[in-house]
1. Out of all the residues in region 50-62, which are out of contact with any Ser or Thr (no Cβ under 6 Å at 6 or more places or on another chain) and surrounded by 15 or more Cβ atoms within 10 Å (Cβ to Cβ)?
2. Give I145, I108 a once-over and let me know the one that is of a type in the set (V, I, T) and touching a Lys or Arg at 6+ places or on another chain (Cβ under 8 Å).
3. Select from region 77-96 the residues that are within 16 Å of ligand 2 (Cβ to nearest atom) and assigned to a helix (DSSP H, G or I) and list them in ascending order.
4. Just one of G236, G250 is within 16 Å of ligand 4 (Cβ to nearest atom), in a loop (DSSP other than H, G, I, E, B) and either surrounded by 15 or more Cβ atoms within 10 Å (Cβ to Cβ) or in contact (Cβ under 8 Å) with a residue 12 or more places away in the chain (or both); which is it?
5. Among the residues of region 97-120 satisfying the criterion of being assigned to a helix (DSSP H, G or I) and farther than 24 Å from K199 by Cβ, which is nearest to the chain's Cα centre (by Cα)?
6. Name every residue in region 132-160 that is free of Cβ contacts under 8 Å to residues at least 40 places away in the same chain and within 15 Å of ligand 1 (Cβ to nearest atom), in order of residue number.
7. Does H210 satisfy the condition of being farther than 24 Å from V94 by Cβ and within 11 Å of ligand 1 (Cβ to nearest atom)?
8. For residues in region 116-151 being more than 17 Å from N88 (Cα to Cα) and touching a strand residue (DSSP E or B) at 6+ places or on another chain (Cβ under 8 Å), which is nearest to ligand 2 (Cβ to nearest atom)?
Amino acid sequence: YTSKRLSSAYCEYHPSMNDNAAEKVNIISLLKHALYHQEFRLWYQPIIRLSDNRIYGVEALIRWPRPDGSYFSPSVFIPIAEQTALINKMTTWVLTQITKDLLYFDSIGLALCIHVNLSAKDLQDPNIIEQCVSLLENNQSSQKIMFEITESAMMINVEQAKKAMDRIAMAGGKFSIDDFGTGFSSLEMLRDLPVTQIKIDRSFINNIHHQDADLAIVKSVIYLATHLNYSVVAEGIEHADTAELIQSLGSHLAQGYFFAKPMPKSELSQILQLPLSSIS
Ligand code: C2E
Ligand code: MG
Ligand code: MG
Ligand code: MG
């Protein structure tokens, strides 16, 4: 690019860009309001053990209801929150909610692995790290805790991420690499960080029957994970044949709308006893 071209690009008027900036500011102020007024909810999506189609664990996913009963998409507001320190406040809210929900899961007779998403900024915040540690140390329930972090979040500052993760792992926390395959992979990271699980991103899963490349990637990731002694979760399973194929390739865990969508914890108790593929 010539500098002329760059400068003319800067001078051009993009109404959509302005709208996005204004909308971002607007979302940030709405998020602050929502935090203050306790508007967030924590929903849970089952993660299924493919050998018997029963629940191995649940992933905690934040929900932000709109006044009309619909929900804002976390894929929109989480990345915006992640640009500010708001994400840390939201994570604090999530961890506090999890603390209460651990006891709820006990009360309905569940013993699960509870997956909690952490953002890059969370690994840089000593307060959040200590909250994770105290969640683990004070956990008297039958529930185990797994933290999900994306590759990209780990790679922003590997040394700092390793320090934070080691501290949490010392307290008994486990780590899963979320959306695996979509970030900047580094085999060094797999070797050096205290990780015990890989979640294969759903973008590789959906077309696995039709895309040879996706099949090759999924096979290779399962092979790599298995030989590192990690467990594997296939994300975004929407069809029975995908679940079958994934299992035949050696993935023991799966998550997706085919089995169950994210739901409030009260609904979780209703589906407990059932092998999940029979109810969807
Ligand atoms: P994620 O951690 O990869 O979570 C999985 C996302 O995939 C969830 O979207 C889930 O509803 C969706 N999903 C699950 N199964 C299927 C399927 O079969 N098909 C399709 N199309 N989607 C499926 P959700 O809840 O909208 O969250 C989006 C992202 O927002 C999450 O991706 C995560 O990165 C972030 N997020 C959500 N809750 C939290 C949170 O409490 N803290 C942080 N830091 N991030 C969160
Ligand atoms: Mg996740
Ligand atoms: Mg994911
Ligand atoms: Mg994701």
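The values are calculated or read from the model by the stated rules, or taken from the named source; none is laboratory data. Note that the structure is predicted; figures quoted are calculated from it, not measured. Glycine gets a Cβ as well: all are built from the backbone with ideal geometry, and neighbour counts include every protein chain shown. Please note that ligands, DNA and RNA were not included when accessible areas were found on the heavy atoms of the full protein model with its side chains. Shrake-Rupley method; radii C 1.70, N 1.55, O 1.52, S 1.80 Å.
1. Selection gives L50, I55, Y56, G57, V58, E59, A60, L61, I62.
2. I145
3. Looking only at region 77-96, we keep the residues that are within 16 Å of ligand 2 (Cβ to nearest atom), and these are 77-79, 81-82, 87, 90-91, 94-95.
F77, I78, P79, A81, I87, M90, T91, V94, L95 - these are the residues of region 77-96 that are within 16 Å of ligand 2 (Cβ to nearest atom) and assigned to a helix (DSSP H, G or I).
4. G236
5. Applying the filter and picking the extreme gives K100.
6. F147, I149, T150, E151, S152, A153, M154, I156
7. Values: farther than 24 Å from V94 by Cβ: yes; within 11 Å of ligand 1 (Cβ to nearest atom): no.
Considered against the rule, which asks whether it is farther than 24 Å from V94 by Cβ and within 11 Å of ligand 1 (Cβ to nearest atom), H210 comes out as no.
8. M146
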